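Engineer: Pasting in a structure now, in structure tokens, and then I'll have a few things to ask.
The values are calculated or read from the model by the stated rules, or taken from the named source; none is laboratory data. These figures come from a predicted structure and were not determined experimentally. Ideal geometry is used to build each Cβ from the backbone, glycine not excepted, and the neighbour counts take in all protein chains shown. SASA here: full protein model, heavy atoms, side chains in, ligands and nucleic acids out. Shrake-Rupley method; radii C 1.70, N 1.55, O 1.52, S 1.80 Å.
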Amino acid sequence: MTEPRRPLMAGNWKMNVNHFEAIALVQKLAFALSDKDLEAVDVLVLPPFTDLRSVQTLIDGDRYRIAYGAQDISVHESGAYTGEISGSMLAKLGCSYVLAGHSERREHHAEVDEIVAAKVRSAQRHSMIPILCVGERLEIRREARHVEYVLGQVEAALGDLSTEALSAIVFAYEPVWAIGTGEVATPEDAQEVCGAIRGLVSQRSESAGESVRILYGGSVKMSSVAGIMAQPDIDGCLVGGASLDPDEFIGIVRYRLLAQADQV
Ligand code: PEP
């Protein structure tokens, strides 16, 4: 029998929160989240690079069961790449996850599919889990080409990855029109694309299709998380704005309680 997939709630802090604020934010999360919360859900924070050492020291020192990772990774191993951060540097800081291909990187830093594919490989070379972000812009959805478009992004990033490497990726479906806009995809819209991603992975490897985690991202809040998490192919959320508010993020992590309250 296959293991149930563990939900993952990831907070992408983007370019917010300095290293002092990062310590306070992680402490608030750690104090509020109970063992029961953390047994049910994997919790991950993705601070800016400059916060990582402080976050590492806090989490390791106090043995918090919160994972941390980076928002980006260089495709290069080392050398004359001013401003870049390598996989070995991130691994040395204890990062366990790295975002690859976030839409803001694709849009503002011209990260095309080939670069995203190289970032996925760069993370895996250093034993970190890439969170491969994919998603369509509004005009593509209006033309009803969103599923084919997103699957194209996934195919381009996967290339000829082995089954083992494929199983070690987390996917994040983030429709660009929903990121930071307050406009959440309906649970059914999110499920349509997440289900299609799982279908594509399953074609390559049935076991990978069953085990990989697929997140939804795009203006997720406490008020919308339960419906999204009720979908069969959605295993967690990538949360931007709401992850900066500890009460909101804690509420998102506790989506099960919200779902139960809805049923009463
Ligand atoms: C994100 O940054 O990945 C994201 C989904 O942002 P927001 O939740 O603010 O839409």
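Engineer: Does at least one position in the range 135-146 carry a residue that is more than 16 Å from the ligand (Cβ to nearest atom), in a helix (DSSP H, G or I), of a type in the set (A, V, I, L, M, F, W, C) and free of Cβ contacts under 8 Å to residues at least 60 places away in the same chain?
Structural biologist: We begin by selecting, within the range 135-146, every residue more than 16 Å from the ligand (Cβ to nearest atom); these are 139-140, 142-146.
With the extra rule that they be in a helix (DSSP H, G or I), the set shrinks to 139-140, 142, 146.
So of that shortlist, the ones also of a type in the set (A, V, I, L, M, F, W, C) come out as 140.
When the remaining residues are screened for being free of Cβ contacts under 8 Å to residues at least 60 places away in the same chain, the result is 140.
So far as the range 135-146 goes, yes, one or more of its residues are more than 16 Å from the ligand (Cβ to nearest atom), in a helix (DSSP H, G or I), of a type in the set (A, V, I, L, M, F, W, C) and free of Cβ contacts under 8 Å to residues at least 60 places away in the same chain.
Engineer: Related question: Could you tell me how many of the residues in the range 185-195 are within 16 Å of the ligand (Cβ to nearest atom) and assigned to a helix (DSSP H, G or I)?
Structural biologist: Just the residues of the range 185-195 that are within 16 Å of the ligand (Cβ to nearest atom), to begin with: 185-187, 189-190, 193-194.
After this cut, where a residue has to be assigned to a helix (DSSP H, G or I) as well, the list is 187, 189-190, 193-194.
Residues meeting the conditions: 5.
Engineer: So the check is Cβ under 9 Å with 6+ separation or different chains; which pairs have a first residue in the range 234-263 that's touching a residue at least 12 places away in the same chain (Cβ under 8 Å) and away from the ligand (no atom under 16 Å from the Cβ) and a second one that's open to solvent by 60 Å² or more (accessible area, probe 1.4 Å) and outside any helix (DSSP H, G or I)?
Structural biologist: Qualifying pairs under 9 Å: ALA259/ALA230.
Engineer: If you go through the range 97-106, how many residues are surrounded by fewer than 24 Cβ atoms within 10 Å (Cβ to Cβ) and within 15 Å of MET15 (Cα to Cα)? Outline the logic, then answer.
Structural biologist: If we filter the range 97-106 for residues that are surrounded by fewer than 24 Cβ atoms within 10 Å (Cβ to Cβ), which is where we start, we get 97, 103-106.
In the following step, the residues that additionally are within 15 Å of MET15 (Cα to Cα) were identified as 103-105.
Counting residues in the range 97-106 that are surrounded by fewer than 24 Cβ atoms within 10 Å (Cβ to Cβ) and within 15 Å of MET15 (Cα to Cα) gives 3.
Engineer: Tell me, which residue of the range 196-233 that is of a type in the set (D, E, K, R) and assigned to a loop (DSSP other than H, G, I, E, B) is nearest to the ligand (Cβ to nearest atom)? Even if it seems obvious, please write down each step before you answer.
Structural biologist: As a first pass, look at the range 196-233 and keep what is of a type in the set (D, E, K, R): 198, 204, 206, 210, 213, 221, 233.
Remaining after also requiring assigned to a loop (DSSP other than H, G, I, E, B): 221, 233.
On the way: LYS221: 8, ASP233: 18 Å.
Taking the candidates together, the pick is LYS221.
Engineer: Would you mind finding the one in GLY79, GLY94, GLY69 that is part of a strand (DSSP E or B) and open to solvent by less than 80 Å² (accessible area, probe 1.4 Å)?
Structural biologist: Details: GLY79 fails: part of a strand (DSSP E or B); GLY94 fails: part of a strand (DSSP E or B).
None of the others qualify; the one that does is GLY69.
Engineer: How many of the residues making up the range 164-178 are open to solvent by 30 Å² or more (accessible area, probe 1.4 Å) and within 16 Å of the ligand (Cβ to nearest atom)?
Structural biologist: Start the filter on the range 164-178 by keeping residues that are open to solvent by 30 Å² or more (accessible area, probe 1.4 Å), which leaves 164, 167-168, 176-177.
In the following step, the residues that additionally are within 16 Å of the ligand (Cβ to nearest atom) were identified as 176-177.
The number of residues fulfilling the criteria is 2.
Engineer: Looking at ARG213, ARG254, ARG204, can you tell me which residue is out of contact with any Asp or Glu (no Cβ under 9 Å at 6 or more places or on another chain), open to solvent by 30 Å² or more (accessible area, probe 1.4 Å), among the basic types (Lys, Arg) and modelled with pLDDT of 95 or more? Outline the logic, then answer.
Structural biologist: Details: ARG213 fails: out of contact with any Asp or Glu (no Cβ under 9 Å at 6 or more places or on another chain); ARG254 fails: out of contact with any Asp or Glu (no Cβ under 9 Å at 6 or more places or on another chain).
Result of the check over ARG213, ARG254, ARG204: ARG204.
Engineer: To continue, here is another question. Please specify each residue of the range 19-63 satisfying the condition of being open to solvent by 40 Å² or more (accessible area, probe 1.4 Å) and in a loop (DSSP other than H, G, I, E, B).
Structural biologist: Answer for the range 19-63, where residues must be open to solvent by 40 Å² or more (accessible area, probe 1.4 Å) and in a loop (DSSP other than H, G, I, E, B): SER34, ASP62, ARG63.
Engineer: I'd like to check something: does the range 154-163 contain any residue that is within 16 Å of the ligand (Cβ to nearest atom) and either in contact with a strand residue (DSSP E or B) (Cβ under 6 Å, 6 or more places away or on another chain) or under 23 Å from GLY240 (Cβ atoms) (or both)?
Structural biologist: No, the range 154-163 has no match at all.
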